[in-house]
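> Could you have a look at this structure, given as structure tokens, before my questions?
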Amino acid sequence: MMKNKTSISILLFFLVISGSSCGKPEPQPAIEVTEINRSNLEATQPVFQQGPCDNIFYPLALDNQWIYQLQIEGEDGQSEISELGLTVSEVNQSSAILAALDYDTGIVTQSTAECKDGSILNFPMTEMNLVFGEVSGDLQFKYNSGVFMPSQTDFEVENWINTWETDFTASGVINGSYDNETITVVLSDSSVKMSWQVKERDVTIQVPAGDFHDVVLIKRTLTFEVSSLKTILESEEIDISTTLILTSNMWYSPFTGLLKQEIDSATISLYGINFPIESTGKIELKSSNIIK
């Protein structure tokens with residue numbers, strides 16, 4: 001009999017693992033972590049100047065920087081903490097290059113975000129490393145349509161009650177393990193859809209970067225159409241197509257960016273039945289340097 005609740009940890013890990021519509025991100029040579037001076041990444045009051053990629057919640061102006069703290073709780077109840085630094089290394093007429101530094105490895109990965117008139121059309125899926133225990137693999141995402149994050153004007157026109165969608169196609173393989181059993185997730189030109197909704201304004205929250213009082217809470221539902229999920233359940237080998245649905249709460253501060261992200265719920269469909277997935281972990285802003 002199948003378990004009523006699948007105890008697989010899923011973290012929307014703020015680590016660039018896939019490219020924009022232009023292709024896969026290019027890993028850069030390992031560098032010393034000390035090359036990024038943390039003292040220069042303390043939160044400051046931004047002076048906002050509108051540019052082609054200066055979004056109200058993703059202000060992708062040149063040299064803007066963020067450090068995020070990532071926490072996931074293991075099966076033993078112990079929390080694992082890691083950090084990721086993001087820097088806008090280049091801005092063009094309709095795109096921005098993001099460099100992500102993994103403090104654990106010293107590896108820098110670059111990806112491209114596409115934008116138009118203050119809207120982010122295609123953000124390089126920096127929030128989608130699915131962790132099934134110990135995980136490896138690679139996913140490629142292709143932007144199809146929609147908006148990743150509307151502009152400030154778009155929010156104001158809709159009186160901050162916006163709903164919107166983003167449509168991607170994904171291909172690749174994720175290999176993981178749980179209870180000494182291998183899990184393989186295959187996506188082959190699979191549909192990946194994001195549905196967004198503004199839930200609340202003027203929220204006050206506290207994160208390692210400080211207290212914020214002008215926060216906007218946005219709920220996002222992420223739907224994966226999985227081409228193949230292979231594993232062994234109750235001594236039975238399975239290989240099925242399925243749907244994975246992740247719902248996240250995301251707190252944003254205007255002209256600063258993402259402050260916090262937590263998974264609200266996660267479900268997977270097996271044999272036509274939706275099963276909840278145990279999901280733990282969160283992302284929080286530790287510091288930022290918004291200079292434009």
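> Pairs under 9 Å by beta carbon, first residue closer than 19 Å to Thr221 by Cα and modelled with pLDDT of 95 or more in the range 154-173, partner part of a helix (DSSP H, G or I) and open to solvent by less than 60 Å² (accessible area, probe 1.4 Å), six or more apart or different chains?
Asn162/Phe155
> While we're on this one: Within the range 110-133, take every residue that is assigned to a strand (DSSP E or B) and open to solvent by 20 Å² or more (accessible area, probe 1.4 Å) and give me the one that is modelled with the lowest pLDDT. Explain how you work it out, then say what you get.
Start the filter on the range 110-133 by keeping residues that are assigned to a strand (DSSP E or B), which leaves 110-116, 119-122, 129.
From the residues that got through so far, the ones that are open to solvent by 20 Å² or more (accessible area, probe 1.4 Å) too are 110, 112, 114, 116, 121, 129.
Values: Gln110: 89, Thr112: 91, Glu114: 94, Lys116: 91, Leu121: 93, Asn129: 40.
Residue satisfying both the conditions and the ranking: Asn129.
> Then there's this: With the structure loaded, tell me whether Ile232 is within 18 Å of the chain's Cα centre (by Cα), in contact (Cβ under 8 Å) with a residue 24 or more places away in the chain and open to solvent by 30 Å² or more (accessible area, probe 1.4 Å) or whether it fails that test.
Details: within 18 Å of the chain's Cα centre (by Cα): no; in contact (Cβ under 8 Å) with a residue 24 or more places away in the chain: yes; open to solvent by 30 Å² or more (accessible area, probe 1.4 Å): yes.
Taking the combined requirement at face value, the residue does not satisfy it.
This table checks each residue for (1) surrounded by 13 or more Cβ atoms within 10 Å (Cβ to Cβ); (2) among the β-branched types (Val, Ile, Thr); (3) in contact with a Ser or Thr (Cβ under 9 Å, 6 or more places away or on another chain).
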| site | (1), (2), (3) |
| --- | --- |
| Asp189 | no, no, yes |
| Met194 | yes, no, yes |
| Val215 | yes, yes, yes |
| Thr221 | yes, yes, yes |
| Thr242 | yes, yes, yes |
| Trp251 | yes, no, no |
| Leu258 | yes, no, no |
| Asn274 | no, no, yes |
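> With Val203, Val226 as the choices, which residue is part of a strand (DSSP E or B) and within 30 Å of Ser287 (Cα to Cα)?
Values: Val226 fails: within 30 Å of Ser287 (Cα to Cα).
Answer to the selection: Val203.
> Please determine whether any residue of the range 277-292 is aliphatic (A, V, I, L, M), free of Cβ contacts under 8 Å to residues at least 40 places away in the same chain, on the phi < 0 side of the Ramachandran plot and open to solvent by less than 10 Å² (accessible area, probe 1.4 Å).
No: the range 277-292 contains no residue that is aliphatic (A, V, I, L, M), free of Cβ contacts under 8 Å to residues at least 40 places away in the same chain, on the phi < 0 side of the Ramachandran plot and open to solvent by less than 10 Å² (accessible area, probe 1.4 Å).
The values are calculated or read from the model by the stated rules, or taken from the named source; none is laboratory data. This is a predicted model, so every value here is computed, not measured. Here the Cβ is made from the backbone with ideal geometry for all residues, glycine too, and neighbour counts use every protein chain on show. Side chains are part of the model used for accessible areas, which takes the heavy atoms of the whole protein and leaves out ligands, DNA and RNA. Shrake-Rupley method; radii C 1.70, N 1.55, O 1.52, S 1.80 Å.
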